[in-house]
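Novice: A single structure is presented below for examination.
The values are calculated or read from the model by the stated rules, or taken from the named source; none is laboratory data. Note that this is a predicted model, so its numbers are computed, not measured. When we count neighbours, we look across all protein chains shown, and the Cβ atoms used for this are built from the backbone with ideal geometry, even at glycine. Side chains included, ligands, DNA and RNA excluded: accessible areas come from the protein's heavy atoms. Shrake-Rupley method; radii C 1.70, N 1.55, O 1.52, S 1.80 Å.
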Amino acid sequence: MSLRQLLLRLPRYLGVSGSPRRWWWSPSLDTISSVGSWRGQSSRSPGHWNQVVSEAEKIVGYPTSFMSLRCLLSDELSNIAMQVRKLVGTQHPLLTTARGLVHDSRHNLQLRGLVVLLISKAAGPSSTNASCQNYDMVSGIYSCQRSLAEITELIHTALLVHRGIVNLNELQSSDGPLKDMQFGNKIAILSGDFLLANACNGLALLQNTKVVELIASALMDLVQGVYHENSTSAKENHITKDIGISTWKKQAFLSHGALLAKSCQAAMELAKHDADVQDVAFRYGKHMAMSHKINSDLQPFIKEKTSDSVAFNLNSAPVVLHQEFLGRDLWIKQIGEAREKGRLDYAKLRETIKAGKGVTSAIDLCRYHGNKALEALESFPPSEARSALENIVFAVTRFS
């Protein structure tokens, strides 16, 4: 039986069902609208996100859709998989995470690994350092760079699993028995730690100290960024948090941009490229990730089929920009007007924000970072891989 067939049977084996409730880390699984470009898009650029990803996967040599899931079938994790079955019928978000990892219909979860592979191929081997010419290369990508892409995905997947830990202090009777959530939290911690341990082992096998330092610093950034997110969202009064867009950008880079930016830089280091090329790769990864994050934040405000009752992050880019334009006093007043019986009416607040300048300013900011990512790519020679990287930017920066 092939790896793909085994993975496709995984959700049936786990009995994945249910919908996520209050997540401790307040995650937002990356969502991308089916979009194109605003700036000089190539006529060959596909108009749909799935097509963008599918064409990019062909360029790097093989699909990345299950890249980070190989170790899920290892002997070490088989016992955890058996324990996860005990969560079937509960509402613990770990089950939803498992389903999302396997049935990733929008091809968003493996985006980071795919970008690492594409930028590795776009840069090619170093023209000034021939020390890695004897390395194995498939489809223009060194085997160590493919390993790095998988390590990047393992870290991202571990973060998603850990973000599924439920805040037990916020449980309600409708969430089910406390013991189910406690047990699910234990499994989420163990499985996330297992993925991180595999990532660390893979890093050691690369035998490159600078790459280890880069990815270790990205992990530190992730922890720091998510800590800031959690500290502002764990309290009821987080809606009055006075965050400016400059602070938001710093925190968003830590929690959403550092891993991709430093992984792209590490891929250049593995190919023995100089500091200038590494900086170019870092800048593309940084601005691409920021654009992707803002696109995700914008979805509740631009989607045609958004449920009125669905909550959105009150520290997301459109809301922060809306607050900055409006002023703190008026923002607090709007929040008060949107409260009914002690609960926040998100539908009413959403319409209020859409009537302001926050949404359009967030779109402009998304496109700004997209332009910066495209500018970085101009340092690479024209190629299919570079075009694919451009198409990914186009796909997250056009709104219709």
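Novice: At Ser379 and Arg328, where each label point lies 7 Å from the Cα along Cα→Cβ, what is the point-to-point distance in nanometres?
Specialist: Placing both labels 7 Å beyond Cα along the Cβ direction yields 3.9 nm.
Novice: Which cross-chain or sequence-distant (5 or more) residues have an amide H under 5 Å from the amide H of Arg398, H modelled 1.01 Å from N in plane?
Specialist: Amide H neighbours of Arg398: Gly36.
Novice: Sticking with this one: Simple spin-label model, 7 Å along Cα-to-Cβ: Ala311 to Glu213 in nm?
Specialist: Calculated label separation equals 4.2 nm.
Novice: Would you mind getting me the FRET efficiency between Ser54 and Asp364? Use the beta-carbon distance for r and R0 = 30 Å, nearest 0.05.
Specialist: Values: r = 30 Å, r/R0 = 0.98.
Taking R0 as 30 Å, the efficiency between Ser54 and Asp364 is 0.50.
Novice: Express the accessible area of the range 252-400 per residue in Å², computed with a 1.4 Å probe while the remaining protein chains stay in the model.
Specialist: Working: 6130 Å² over 149 residues.
On a per-residue basis, the range 252-400 sits at 41 Å².
Novice: If you don't mind, there's one more thing I want to ask. Taking the alpha-carbon distance from Lys372 and a cut-off under 19 Å, which lysines remain once sequence neighbours fewer than 8 residues away in the same chain are dropped?
Specialist: Lys249, Lys250, Lys262, Lys286, Lys293
Novice: Something else now. Under 5 Å between amide hydrogens, which residues at least 5 positions from Arg339 or on another chain qualify, with H placed 1.01 Å from N in the peptide plane?
Specialist: Under 5 Å from the amide H of Arg339: Asp345.
Novice: Starting from the residue with the highest accessible area, list Arg146, Arg328 in decreasing order, probe 1.4 Å. Don't skip to the answer; put the middle values down first.
Specialist: Numbers: Arg146 25, Arg328 90 Å².
Putting Arg146, Arg328 in descending order of accessible area: Arg328, Arg146.
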